[in-house]
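Heads up: the structure comes next, in structure tokens.
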Amino acid sequence: MFKPLNLIKYLLSSILISGILVATPSFALGLKDGFTSTSNLNGFAKQAGYTDQTKTPEYYIGLLLTGLFSFLGVIAIALLIYSGFTWMTARGNESKVAKAKENIIDVILGLIFIIGSYALTAFLLKIFS
């Protein structure tokens, strides 16, 4: 059974969480029109000295590489989930367990390489742009 102190803790925490979930959208309703359209933001950017610049080749290369690394990350996570599923459904078959462990290690190494290459690419593009 619940102790009275635990019941009070659960009740107060649920009230706090529900208050946060209800209050957040309510605060967003009071925003001015400048946050719902980009016209005021563009005017502010022009006053601040930022103008529409043409997109450079580095921008498109970075966009392409970011998409590629994101896609590779999704594939790696899918392979990690598949390897974990294979391990869980091996039913004591040592060869399947060993293969699943090997696949998990390979996927983690692949993720490390993907994250490292993304960081290196972002660093180089920041230098050259």
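Could you tell me whether residue 128 is in contact (Cβ under 8 Å) with a residue 12 or more places away in the chain and touching a Ser or Thr at 6+ places or on another chain (Cβ under 8 Å)? No: the conditions fail for residue 128.
The rows are residues; the columns are (1) surrounded by 10 or more Cβ atoms within 10 Å (Cβ to Cβ); (2) assigned to a helix (DSSP H, G or I); (3) at pLDDT 75 or above; (4) touching a strand residue (DSSP E or B) at 6+ places or on another chain (Cβ under 8 Å).
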| position | (1), (2), (3), (4) |
| --- | --- |
| 2 | no, no, no, no |
| 11 | yes, yes, yes, no |
| 14 | yes, yes, yes, no |
| 18 | yes, yes, yes, no |
| 22 | no, yes, no, no |
| 28 | no, yes, no, no |
| 40 | yes, yes, no, no |
| 51 | no, no, no, no |
| 54 | no, no, no, no |
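The values are calculated or read from the model by the stated rules, or taken from the named source; none is laboratory data. Being a predicted model, the structure only gives us computed values, none of them experimental. Every residue, glycine as well, gets a Cβ built from its backbone with ideal geometry; the counts of neighbours run over all protein chains shown.
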